[in-house]
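Working notes, structure below.
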Amino acid sequence: MTDRTSLTYDDVNVGDELPELAIPLTATLITATAIATRDYQDVHHDRELAQAKGSPDIFMNILTSNGLVGRFVTDWAGPETELRKVAIRLGAPNYPGDTMTLTGKVTAKTDGLVEVAVVGANKLGNHVTGTVTVALGGSK
């Protein structure tokens, strides 16, 4: 049975904007996702050690940022979406007490694949920028 909530290649146009996704950044989210990705660096879970290394607080790891970018695009496109490529670059850290807002825009459609430019920003600036290439449901 096909899930009718998934977008198809023909449903999407270059220039389409994805709905924003605001993610509250809590110490629990940052710590739990670092542990879930097996990133035991102290700067992701121990405030005192992070501060001793020059950071004002713990901060999100790149694996979590990568996962949230993928989630953002697949939440928009639907459960039949296949991530083909995620290429991101980190900028401003994600600290607890802030919010990261993800935005995206379809930038290309080629050979059945759709490319989405993604930005995740917080009060310090852009935390993550990059592109995600997907095969949409019905276009695999």
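The values are calculated or read from the model by the stated rules, or taken from the named source; none is laboratory data. If you're wondering where the values come from, they're calculated on a predicted model, not measured in any experiment. All Cβ positions, even for glycine, are placed from backbone atoms using ideal geometry, and neighbour counts span all protein chains on display. Please note that ligands, DNA and RNA were not included when accessible areas were found on the heavy atoms of the full protein model with its side chains. Shrake-Rupley method; radii C 1.70, N 1.55, O 1.52, S 1.80 Å.
Based on the mean of other beta carbon atoms within 10 Å per residue, what is the order of 117-127, 26-36, most packed first? Working shown, then result.
Working: 117-127: 17.4, 26-36: 15.5.
Result, highest mean Cβ count within 10 Å first: 117-127, 26-36.
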Self-check item: Convex hull per residue volume in Å³, alpha carbons only, for the chain
Solution: 110 Å³
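Excluding V106 itself, what net charge comes from residues whose Cβ is under 9 Å from its Cβ, given Lys and Arg +1 and Asp and Glu -1? Present the calculation step by step, with values, prior to reporting the outcome.
Numbers: positive: K105, K109; negative: D16, E17, E115.
With Lys, Arg at +1 and Asp, Glu at -1, the net is -1.
Taking the Cα centre of the chain as origin, work out the dipole magnitude from +1 charges on Lys and Arg Cβ and -1 charges on Asp and Glu Cβ, in debye rounded to 20. Don't jump to the answer; show the numbers that get you there.
Details: 12 positive and 17 negative charges, 52 e Å.
Its charge dipole is roughly 260 debye.
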Quiz item: Going by alpha carbons, how many degrees (0 to 90, nearest 10) lie between the helix axis of 62-77 and the longest principal axis of the chain?
Solution: 30 degrees
Quiz item: Looking at A52, N13, A36, which one has the Cα that reaches farthest to the positive end of the dipole of region 9-136 (charges on Cβ: Lys, Arg +1; Asp, Glu -1)?
Solution: A52
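Quick one: how many lysine pairs in the chain have C-alpha atoms under 24 angstrom apart, if they're 8 or more apart or on different chains? Let's see the in-between values first.
Working: K53/K123; K85/K105; K85/K109; K85/K140; K105/K123; K105/K140; K109/K140.
Count of close lysine pairs: 7.
On a full-extension model of 0.36 nm per residue, what is the gain between T8 and L124, subtracting their alpha-carbon distance, rounded to one decimal in nm?
Values: separation 116, 0.36 × 116 = 41.76 nm, distance 3.56 nm.
This chain segment gains 38.2 nm when fully extended.
Considering only protein heavy atoms and a 1.4 Å probe, what is the carbon-and-sulfur percentage of the accessible area of region 9-136? Present the calculation step by step, with values, prior to reporting the outcome.
Working: 3340 of 6550 Å².
Carbon and sulfur: 51 percent of the exposed surface of region 9-136.
If you count only protein heavy atoms with a 1.4 Å probe, what accessible area per residue comes out for the chain, rounded to a whole Å²?
Values: 7610 Å² over 140 residues.
Per residue, the chain has 54 Å² of solvent-accessible surface.
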